[in-house]
1. Please find, within the range 68-82, the residue that is nearest to the chain's Cα centre (by Cα) out of those that are surrounded by fewer than 18 Cβ atoms within 10 Å (Cβ to Cβ) and of a type outside the set (A, V, I, L, M).
2. Can you find a residue in the range 18-38 that is polar (S, T, N, Q), under 30 Å from LEU122 (Cβ atoms) and either in contact with a strand residue (DSSP E or B) (Cβ under 9 Å, 6 or more places away or on another chain) or surrounded by 15 or more Cβ atoms within 10 Å (Cβ to Cβ) (or both)?
3. Is it the case that ASN69 is over 27 Å from CYS111 (Cβ atoms) and not β-branched (Val, Ile, Thr)?
4. Every residue in the range 83-92 that is in a helix (DSSP H, G or I) and either at pLDDT 95 or above or surrounded by 18 or more Cβ atoms within 10 Å (Cβ to Cβ) (or both), please.
5. Six or more apart or on different chains, Cβ atoms under 9 Å: show the pairs whose first residue is in the range 13-37 and over 15 Å from SER58 (Cβ atoms) and whose second is in a strand (DSSP E or B).
6. When only residues in the range 93-124 that are aromatic (Phe, Trp, Tyr) and open to solvent by less than 100 Å² (accessible area, probe 1.4 Å) count, which is nearest to GLY32 (Cα to Cα)?
7. Scan the range 39-67 for residues that are over 16 Å from GLU5 (Cα atoms), open to solvent by less than 70 Å² (accessible area, probe 1.4 Å) and in contact (Cβ under 8 Å) with a residue 24 or more places away in the chain and report the count.
8. So if I check each of LEU56, LEU114, which one is in contact with a helix residue (DSSP H, G or I) (Cβ under 7 Å, 6 or more places away or on another chain) and modelled with pLDDT of 90 or more?
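The values are calculated or read from the model by the stated rules, or taken from the named source; none is laboratory data. From a predicted model like this one, the values you see are computed outputs, not experimental measurements. So basically every Cβ, Gly included, is an ideal-geometry build from the backbone, and we count neighbours across all protein chains shown. Protein only, heavy atoms only, side chains kept; ligands, DNA and RNA dropped before computing areas. Shrake-Rupley method; radii C 1.70, N 1.55, O 1.52, S 1.80 Å.
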Amino acid sequence: FCYIEEINGASRDYCDQNNDRYPCNPNKGYYGRGPIQLSWNFNYGPAGENIGFDGLNSPETVAIWYWVNFVQPVISQGFGATIRAINGALECDGGNPATVERRVEYYIDYCNQLGVDPWPNLRC
C-alpha cells in the first residue's frame, strides 16, 4: 500500500499476447498500479469495462476496481486471503514464502502501530 506504481514496473512486460479479447496497446504498459498493483492486460481490460474507462489505452487511470471486486469480498477471511486474491500462485502455496512472510510482518507492524488486532489467518 506504499506505492502508486510498481517499482520498475515500466521496465516489465505484462502483456499476454495470446489474449485476443484484451489486446495490448504497444505504447502502454500494464504493470502494477493502484493500491493493489493491478497488472496485465487481461485485468486492465475488464477493469475498464467494469468502471467505465479505457483500461487498455488508458491504464494509468486505474484505481480500485480489482480491490472492490476481488479483494474486499475476502477480507473477512483474514489477511492471508487478501494475499491470495492479489498475488495467488505467485506467492501462495509455496510460490514465494519469503515474500508472504515479509507481507505478514509488515501487516502485523502496521496493525500494532494502529492498535488494531491483525486477526487470525495471516498467511495464504
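1. This residue is PHE70.
2. The answer is yes, given that some residue of the range 18-38 is polar (S, T, N, Q), under 30 Å from LEU122 (Cβ atoms) and either in contact with a strand residue (DSSP E or B) (Cβ under 9 Å, 6 or more places away or on another chain) or surrounded by 15 or more Cβ atoms within 10 Å (Cβ to Cβ) (or both).
3. Answer is no for this residue.
4. Taking the range 83-92 and keeping what is in a helix (DSSP H, G or I), we get 83-91.
Residues satisfying the conditions are ILE83, ARG84, ALA85, ILE86, ASN87, GLU91.
5. Once the first residue is over 15 Å from SER58 (Cβ atoms) and sits in the range 13-37, its partners that are in a strand (DSSP E or B) give GLY32/GLU5; GLY32/LEU38; GLN37/GLU5.
6. TYR107
7. 3
8. After applying the criteria, what remains is LEU56.
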